[in-house]
Amino acid sequence: MVVTDLDGTLLPSLGSISKKNYDTLYKLKEQEIIRVIATGRTLYSALAVLPEDFPIDYLIFSSGAGIMQWNTKELIYSQQIEAEEVLEVSKILIDHEIDFMILDPIPLNHQFWYYQSGNKNLDFDRRLALYKQFATPVGKLEDTKRDACQILAILPNKVDWFEELKAKFTDIKIIRATSPLDHESIWMEIFPEHISKGLGCQWLCNKLGISNTESFAIGNDYNDIDLLDWGEHSFVVANAPKELRLKYQVTDSVTDDGFSKAVECILKKQTTSQQAANRCL
């Protein structure tokens with residue numbers, strides 16, 4: 001199984017997926033290798049940039065909260081945060097004057113309720129404007145008591161503040177991501193504790209009878225860490241933060257077909273190892 005992040009890994013921020021990366025995905029199918037995209041995007045947002053006939057087998061979206069079988073467009077897995085817990089998280093965020101969005105359960109998680117503290121937050125305003133037709137303002141605290149796919153809080157680029165706030169949540173998953181809009185702000189993605197890209201991949205492996213020792217993973221940001229730790233062979237593209245480049249194998253940047261080059265590297269190593277094994281038999 002080959003699993004790739006989308007934005008900043010397979011898809012450049014300004015541009016489209018390259019022909020070389022398309023060709024690599026087609027070649028993987030010829031070798032009977034399962035192809036998976038694991039993205040933080042909602043299903044709606046992912047479908048907006050991926051053609052219907054895009055050459056993958058599965059789409060893991062919303063950082064692992066949902067999985068779609070690509071050829072049939074069938075949802076085969078989804079999870080959510082229950083209303084009582086959403087309310088409790090919302091209280092904490094409001095008390096700390098944090099701007100956040102409560103995304104509806106899958107598959108309608110492009111729809112959301114939002115709370116604004118009144119503090120300056122251009123990245124929050126940008127995302128709100130982008131999806132204004134799907135947004136409803138929180139009028140009173142009770143409005144936040146609703147089932148949700150996830151809660152998205154948008155913070156300034158202050159890692160210490162993110163870590164301090166993260167420590168207040170003990171029984172849910174907190175994932176840090178760099179904003180895909182201004183590429184600076186911190187997006188705090190709040191999920192049920194058992195949700196992540198890596199856990200979504202493991203669920204899929206179990207369903208398909210594939211060992212994760214036969215897995216390749218590639219990403220570019222902090223929200224890919226659990227995916228990279230899950231993969232047997234893991235790479236980050238050269239445009240990833242330095243902290244990640246020091247921890248994982250590094251391939252070329254997203255604009256230089258880093259995905260394809262990393263896949264070719266691993267397949268070449270496996271072919272060489274198999275040939276050596278055959279010579280020993």
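Of all the listed residues (Ile92, Ile67, Ile76), the sole one being touching a strand residue (DSSP E or B) at 6+ places or on another chain (Cβ under 6 Å), open to solvent by 20 Å² or more (accessible area, probe 1.4 Å), touching a residue at least 12 places away in the same chain (Cβ under 8 Å) and of a type in the set (Val, Ile, Thr) is Ile76.
None of Trp203, Trp187, Trp161 is closer than 24 Å to Gly66 by Cβ and part of a helix (DSSP H, G or I) except Trp203. Residues in the stretch 111-122 that are at pLDDT below 95 and under 24 Å from Phe61 (Cβ atoms): there are none. Restricting Leu87, Leu103, Leu122 to those that are open to solvent by 50 Å² or more (accessible area, probe 1.4 Å) and touching a residue at least 40 places away in the same chain (Cβ under 8 Å) reduces the list to Leu122.
Can you find even one residue in the stretch 238-257 that is touching a residue at least 24 places away in the same chain (Cβ under 8 Å) and of a type in the set (Phe, Trp, Tyr)? There is no residue in the stretch 238-257 that is touching a residue at least 24 places away in the same chain (Cβ under 8 Å) and of a type in the set (Phe, Trp, Tyr).
The values are calculated or read from the model by the stated rules, or taken from the named source; none is laboratory data. In this text the structure is predicted, and so the values were computed from the model without any measurement. With ideal geometry, Cβ positions are generated from the backbone for all residues, glycine too; neighbour counts draw on all protein chains shown. Note: accessible area is taken over every heavy atom of the protein model, side chains too, but ligands, DNA and RNA are not part of it. Shrake-Rupley method; radii C 1.70, N 1.55, O 1.52, S 1.80 Å.
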